[in-house]
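Participant: Right, I'll just put the structure down here and ask away after.
The values are calculated or read from the model by the stated rules, or taken from the named source; none is laboratory data. If you're wondering where the values come from, they're calculated on a predicted model, not measured in any experiment. Please note: Cβ atoms are built from the backbone with ideal geometry, for glycine as well, and neighbour counts cover all protein chains shown.
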Amino acid sequence: MPDLIQVQKSGVVAVITIDNAPANALSDAVVAALGKALKQAASDKDAKGIVLAGAGRTFAVSAEGGSAKLVAQIEACPKPVVAAIGGACMGAGLELALACHYRVAGAAASLGLPDINLGLLPSAGGTQRLPRLVGVQAALDMIVQGKVLKADAAKDAGLIDEVTKSDAVEAAAACARRAVGDGAKHVPAAKRTDKFNKEAAPPILFEDYRKTMRRQRGFEAPFQALELLEASVSSSFDKGIAQEAKIAAKAAGSVQSKAQRYIAFAERESAKIPDVPADTPTKEIKSAAVIGAGTMGGGIAMTFANAGIPVVLIDADKDGLDRGLARIKSNYDFSVKSGRFTEADVDKRMSLFTPSTDIKDIKDADVLVEAVFEDINLKKDIFGKIDQYAKPDAILGTNSSGLDIDVIAQATKRPESVIGIHFFAPANVMRLLENVRAAKTGKVAIATAMKLGRTLGKMPVLAGLCPGFIGNRILRVYFGQCDKIMWEGAYPDEIDKAIFDFGFAQGPYSVRDQSGLDIGYQARKAQGGSNERRFLLSDTLCDMGRRGQKTGAGFYKYEKGDRTPHVDPEVNALIDKLSADLGIKRRKISQDEIIERVIYPMINEGAKITEEGIALRASDVDVTYIHGYGFPRYRGGLMFYADTVGPKKVYEVMKKLEKEEGEGMKPAALLEKLAKNGGSFTGWK
């Protein structure tokens with residue numbers, strides 16, 4: 001018997017163990033060897049029952065495909081087959097367990113069909129057997145949402161027959177012996193009806209569930225999974241299995257699945273820094289300090305507290321500090337109302353805050369994050385004080401969204417400890433953490449910041465230093481292109497709709513209304529106003545008292561107590577007038593043109609960032625835009641999307657835009673190279 005499969009006897013029970021480190025992946029070789037072992041055990045006269053187990057802490061995960069026949073073989077076995085689930089049992093591993101006649105789990109086991117997160121669907125009967133075991137509602141949550149159940153919850157759902165605190169294999173062997181001794185006639189999952197019938201799953205159940213899937217807008221696989229679960233109720237088991245095989249194969253070959261698998265790999269790659277080895281020492285973070293108690297600073301402080309790290313929150317103004325703490329408490333109270341936290345959770349987190357107006361109180365912090373206004377002189381002043389009072393080995397972070405960190409670091413005598421630690425608003429929610437390497441940032445600071453990101457539950461990406469770093473440098477192109485298109489003929493709602501339909505959660509104008517149009521407005525007014533076209537409309541609206549959602553009107557108008565944007569003819573008329581004043585003849589612009597003229601220049605800027613080394617790899621641009629800016633995950637990110645439409649097409653559009661709009665639209669050298677040589681961004685080294 002191959003080493004991938006181990007067979008032992010426990011009295012009258014044959015114990016078959018999958019031994020394919022590290023995760024017992026169901027490769028083709030494992031599936032073939034397992035099928036052979038099961039066949040031998042089924043024909044062994046001395047073996048009355050069979051236990052299927054996984055070596056180590058994992059039962060089995062994933063598959064290369066081709067496990068459907070093995071699953072059918074298990075289910076048809078004339079001897080009772082018991083799954084011994086000691087740890088993770090995911091994807092095809094759970095489908096294997098579903099085919100077993102009984103399932104025994106250790107207390108630490110976790111079970112799920114998270115295939116959906118990679119744009120995949122169960123392909124070995126999972127969509128048909130699971131609802132027959134746990135009911136349709138629970139199966140919808142596990143398959144459509146990718147919900148993972150711990151052992152006790154799995155038993156409550158009917159997925160597990162027994163949870164044991166002892167060894168899962170021993171408990172499974174005992175279960176098999178009982179089944180043999182009792183002469184029990186096991187009912188396979190395919191024939192279970194106790195929780196599964198048309199009365200328990202009427203059509204309205206699926207209609208109502210579909211309405212809850214707003215966050216999965218644009219994704220294909222979740223809706224395909226819903227279709228398969230509907231089929232499990234409306235057709236026979238065999239027809240459901242045939243439909244699953246067809247749709248699962250379609251999902252596996254889709255661009256969306258390729259995009260989701262790519263970005264999952266890219267997320268792991270983003271942690272690898274070529275010149276910072278994995279064994280680089282890191283500073284242990286036992287305490288933190290955040291300087292600035294505004295909206296951003298408060299959110300950053302919450303992020304530390306949520307990770308169980310005590311944090312000193314500092315603000316120069318006592319009233320500002322009080323407002324910041326009140327805002328934090330209000331945010332936590334909302335989490336209690338929504339059921340995310342309990343009152344005890346909030347009390348524990350609030351106990352981790354130490355408010356102060358004295359910067360000297362940073363003295364014990366292992367990491368500091370400055371989060372004040374984007375004013376280089378203010379930040380230099382603060383870092384000069386940080387240098388005086390922070391302990392010698394502290395990591396000194398700035399949350400700047402685009403300023404020169406080299407200049408900030410010069411305010412200290414330890415530039416090797418200074419690094420950009422750029423959170424995204426709201427900091428306690430958004431996953432991206434853009435760590436920014438300055439000229440003298442040391443390897444320990446980099447390694448610590450990257451590790452800290454994971455500790456805080458963030459997705460850290462390392463960026464090089466340039467105005468805007470990775471994310472905001474591209475964002476400027478995004479907003480700039482949207483405004484050009486607006487002046488030429490498309491109204492804010494038309495641009496927002498095109499961007500929304502592409503897959504973003506919001507378009508640029510509804511986002512601006514939400515943030516407030518008066519950001520920077522007072523400063524520009526104090527300087528006599530701005531002649532820049534990019535501020536013309538927003539500043540004019542501010543002059544009219546329209547500053548976004550908070551005033552009930554901005555690019556859109558809003559009903560009291562409602563954040564739904566409504567098209568305002570007054571704004572559209574103003575745009576017409578201002579366009580005419582600028583000498584621009586407006587025209588109708590299609591949705592396709594909007595997407596090309598917005599997304600392709602963003603890709604072009606991403607290509608420049610990649611070739612300049614600001615991003616270590618093209619996939620880091622994709623991770624940044626998915627986790628920080630809401631780029632649709634099912635499109636794989638800007639650079640992966642460029643590969644799907646083809647660098648040649650992007651290049652041709654950019655050449656056209658360069659001719660029409662000037663030097664700023666000149667194609668990046670890397671884009672031109674890939675277009676002419678037939679290469680791809682995701683394959684570029």
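Participant: Which residue pairs have Cβ atoms under 9 Å apart, sit 6 or more places apart or on different chains, and have a first residue in region 184-205 that is closer than 12 Å to Glu230 by Cβ and a second that is assigned to a loop (DSSP other than H, G, I, E, B) and at pLDDT 80 or above?
Facilitator: Pairs that qualify, where the first residue is closer than 12 Å to Glu230 by Cβ and the partner is assigned to a loop (DSSP other than H, G, I, E, B) and at pLDDT 80 or above, are Ala201/Gly135.
Participant: Okay, next question. Lys329 - would you say it is farther than 16 Å from Gly299 by Cα, at pLDDT 95 or above and assigned to a helix (DSSP H, G or I)? Lay out the reasoning, then the answer.
Facilitator: On the way: farther than 16 Å from Gly299 by Cα: no; at pLDDT 95 or above: yes; assigned to a helix (DSSP H, G or I): yes.
In short, no.
Participant: So, one more: Looking at (1) over 21 Å from Pro467 (Cα atoms); (2) surrounded by fewer than 24 Cβ atoms within 10 Å (Cβ to Cβ); (3) modelled with pLDDT of 95 or more, can you tell me which one Gly678 breaks?
Facilitator: (3)
Participant: On to the next question. Can you tell me how many residues in region 451-464 are surrounded by 21 or more Cβ atoms within 10 Å (Cβ to Cβ) and within 18 Å of Gly613 (Cα to Cα)?
Facilitator: Qualifying residue count for the region: 4.
Participant: Among the residues of region 420-435, what is the count of those that are of a type in the set (D, E, K, R) and either outside the structural domain of Val407 (by TED's automatic domain parsing) or assigned to a strand (DSSP E or B) (or both)?
Facilitator: The initial filter retains those residues of region 420-435 that are of a type in the set (D, E, K, R), namely 431, 434.
Pick out the ones that are also either outside the structural domain of Val407 (by TED's automatic domain parsing) or assigned to a strand (DSSP E or B) (or both) and you get 434.
Counting residues in region 420-435 that are of a type in the set (D, E, K, R) and either outside the structural domain of Val407 (by TED's automatic domain parsing) or assigned to a strand (DSSP E or B) (or both) gives 1.
Participant: Which of the residues that make up region 621-655 are among the charged types (D, E, K, R) and free of Cβ contacts under 8 Å to residues at least 24 places away in the same chain?
Facilitator: Lys649, Glu652, Lys655
Participant: Would you be able to say whether some residue in region 280-298 is within 25 Å of the chain's Cα centre (by Cα), touching a residue at least 12 places away in the same chain (Cβ under 8 Å), buried (at least 24 other Cβ atoms within 10 Å of the Cβ) and not in a loop (DSSP other than H, G, I, E, B)? I'd like the intermediate steps shown before the answer.
Facilitator: Of the residues in region 280-298, the ones within 25 Å of the chain's Cα centre (by Cα) are 285, 295-298.
Adding the requirement that they be touching a residue at least 12 places away in the same chain (Cβ under 8 Å) leaves 285, 295-298.
With the extra rule that they be buried (at least 24 other Cβ atoms within 10 Å of the Cβ), the set shrinks to 297-298.
Among the residues that remain, those that are also not in a loop (DSSP other than H, G, I, E, B) are: 297-298.
Within region 280-298, one or more residues are within 25 Å of the chain's Cα centre (by Cα), touching a residue at least 12 places away in the same chain (Cβ under 8 Å), buried (at least 24 other Cβ atoms within 10 Å of the Cβ) and not in a loop (DSSP other than H, G, I, E, B).
Participant: Among the numbered criteria (1) farther than 17 Å from Ala245 by Cα; (2) surrounded by fewer than 24 Cβ atoms within 10 Å (Cβ to Cβ); (3) not hydrophobic (A, V, I, L, M, F, W, C), which single criterion is violated by Gly49?
Facilitator: (2)
Participant: Find all pairs meeting these conditions: Cβ atoms under 8 angstrom apart; at least six residues apart or on different chains; first residue within region 145-169 and under 21 Å from Tyr209 (Cα atoms); second residue of a type in the set (S, T, N, Q).
Facilitator: Gly146/Asn117; Val148/Ser110; Leu149/Ser110
Participant: Quick one: Leu368 ticks every box in (1) assigned to a loop (DSSP other than H, G, I, E, B); (2) in contact (Cβ under 8 Å) with a residue 60 or more places away in the chain; (3) of a type in the set (A, V, I, L, M, F, W, C) except a single one, so which number is it?
Facilitator: (1)
Each row is one residue, and each column tells you yes or no for (1) at pLDDT 95 or above; (2) hydroxyl-bearing (Ser, Thr, Tyr); (3) outside the structural domain of Leu130 (by TED's automatic domain parsing).
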{"residue": "Leu205", "(1), (2), (3)": "no, no, no"}
{"residue": "Phe223", "(1), (2), (3)": "yes, no, no"}
{"residue": "Ser234", "(1), (2), (3)": "no, yes, no"}
{"residue": "Gln243", "(1), (2), (3)": "yes, no, no"}
{"residue": "Lys246", "(1), (2), (3)": "yes, no, no"}
{"residue": "Lys258", "(1), (2), (3)": "yes, no, yes"}
{"residue": "Ile263", "(1), (2), (3)": "yes, no, yes"}
{"residue": "Arg268", "(1), (2), (3)": "yes, no, yes"}
{"residue": "Lys272", "(1), (2), (3)": "yes, no, yes"}
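Residues checked against (1) modelled with pLDDT of 95 or more; (2) surrounded by fewer than 19 Cβ atoms within 10 Å (Cβ to Cβ); (3) closer than 18 Å to Leu113 by Cβ:
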| site | (1), (2), (3) |
| --- | --- |
| Gly146 | yes, yes, yes |
| Asp161 | yes, yes, no |
| Ala173 | yes, no, no |
| Val187 | no, yes, no |
| Asp208 | no, yes, no |
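Participant: Where in region 541-640 are there helices (runs of 4 or more DSSP H), lying fully within it, with 3 or more residues that are β-branched (Val, Ile, Thr), buried (at least 16 other Cβ atoms within 10 Å of the Cβ) and touching a helix residue (DSSP H, G or I) at 6+ places or on another chain (Cβ under 9 Å)? Lay out the reasoning, then the answer.
Facilitator: Details: elements: 569-581, 591-611, 618-629.
Where helices (runs of 4 or more DSSP H) fall fully within region 541-640 and carry at least 3 residues being β-branched (Val, Ile, Thr), buried (at least 16 other Cβ atoms within 10 Å of the Cβ) and touching a helix residue (DSSP H, G or I) at 6+ places or on another chain (Cβ under 9 Å), they are 591-611, 618-629.
Participant: May I pose another question? Being in contact with a Ser or Thr (Cβ under 7 Å, 6 or more places away or on another chain), surrounded by 18 or more Cβ atoms within 10 Å (Cβ to Cβ), assigned to a helix (DSSP H, G or I) and charged (D, E, K, R) is the requirement here; does Asp496 meet it?
Facilitator: Taking the combined requirement at face value, the residue satisfies it.
Participant: Could you please find all residues in region 645-671 being out of contact with any helix residue (DSSP H, G or I) (no Cβ under 6 Å at 6 or more places or on another chain), assigned to a helix (DSSP H, G or I) and not hydrophobic (A, V, I, L, M, F, W, C)?
Facilitator: Lys649, Glu652, Lys655, Lys656, Lys659, Glu660, Glu661, Glu663, Gly664
Participant: So, one more: Against the conditions (1) outside any loop (DSSP other than H, G, I, E, B); (2) surrounded by fewer than 17 Cβ atoms within 10 Å (Cβ to Cβ), where does Ala445 fall short? Just the number, please.
Facilitator: Among (1) outside any loop (DSSP other than H, G, I, E, B); (2) surrounded by fewer than 17 Cβ atoms within 10 Å (Cβ to Cβ), Ala445 violates only (2).
Participant: Additional query: When you look at Ala438, is it farther than 26 Å from Gly630 by Cβ, in the same structural domain as Met302 (by TED's automatic domain parsing), aliphatic (A, V, I, L, M) and not in a helix (DSSP H, G or I), yes or no? First the steps, then the outcome.
Facilitator: On the way: farther than 26 Å from Gly630 by Cβ: yes; in the same structural domain as Met302 (by TED's automatic domain parsing): yes; aliphatic (A, V, I, L, M): yes; not in a helix (DSSP H, G or I): yes.
In short, yes.
Participant: Looking only at region 234-246, which residues are surrounded by fewer than 20 Cβ atoms within 10 Å (Cβ to Cβ) and either small (Gly, Ala, Ser) or in contact (Cβ under 8 Å) with a residue 60 or more places away in the chain (or both)?
Facilitator: Ser234, Ser235, Ser236, Phe237, Ala242, Ala245, listed by residue number.
Participant: Out of (1) among the aromatic types (Phe, Trp, Tyr); (2) more than 30 Å from Leu616 (Cα to Cα); (3) in contact with a Phe, Trp or Tyr (Cβ under 8 Å, 6 or more places away or on another chain), what's the single condition that is false for Phe504?
Facilitator: Going through the list (1) among the aromatic types (Phe, Trp, Tyr); (2) more than 30 Å from Leu616 (Cα to Cα); (3) in contact with a Phe, Trp or Tyr (Cβ under 8 Å, 6 or more places away or on another chain), Phe504 breaks only (2).
Participant: Would you kindly identify the strands (runs of 3 or more DSSP E) lying entirely within region 10-108 that contain at least 1 residues that are of a type outside the set (A, V, I, L, M, F, W, C) and closer than 22 Å to Leu120 by Cα?
Facilitator: Working: elements: 13-18, 49-54, 58-63, 81-85, 88-90, 102-106.
So the answer is 58-63.
Participant: Could you tell me which numbered condition Lys440 fails, if it satisfies all but one of (1) under 21 Å from Lys283 (Cα atoms); (2) surrounded by fewer than 24 Cβ atoms within 10 Å (Cβ to Cβ); (3) out of contact with any helix residue (DSSP H, G or I) (no Cβ under 6 Å at 6 or more places or on another chain)?
Facilitator: (3)
Participant: Of all the residues that make up region 456-475, how many are in a helix (DSSP H, G or I) and either modelled with pLDDT under 95 or more than 13 Å from Arg431 (Cβ to Cβ) (or both)? Give the derivation first.
Facilitator: Applying the first criterion (in a helix (DSSP H, G or I)) to region 456-475 yields 471-475.
Okay, now just the ones that are also either modelled with pLDDT under 95 or more than 13 Å from Arg431 (Cβ to Cβ) (or both), so 472-475.
Total satisfying the criteria: 4.
Participant: Still on this structure, please answer the following. Going residue by residue through region 334-346, is there one that turns out to be at pLDDT 95 or above and crowded, with 21+ Cβ neighbours inside 10 Å?
Facilitator: Looking for residues that are at pLDDT 95 or above and crowded, with 21+ Cβ neighbours inside 10 Å, one finds none in region 334-346, hence no.
Participant: Could I ask something else about it? May I ask you to list pairs of residues, at least six apart or on different chains, whose Cβ atoms are under 6 Å apart, with the first in region 514-527 being more than 19 Å from Tyr558 (Cβ to Cβ) and the second being part of a loop (DSSP other than H, G, I, E, B)?
Facilitator: Listed pairs, sorted by first residue: Arg524/Ser530.
Participant: Considering Ser166, Ser123, which residue is part of a loop (DSSP other than H, G, I, E, B) and either buried (at least 21 other Cβ atoms within 10 Å of the Cβ) or touching a helix residue (DSSP H, G or I) at 6+ places or on another chain (Cβ under 6 Å) (or both)?
Facilitator: Values: Ser166 fails: either buried (at least 21 other Cβ atoms within 10 Å of the Cβ) or touching a helix residue (DSSP H, G or I) at 6+ places or on another chain (Cβ under 6 Å) (or both).
Going through Ser166, Ser123 in turn, just one is part of a loop (DSSP other than H, G, I, E, B) and either buried (at least 21 other Cβ atoms within 10 Å of the Cβ) or touching a helix residue (DSSP H, G or I) at 6+ places or on another chain (Cβ under 6 Å) (or both): Ser123.
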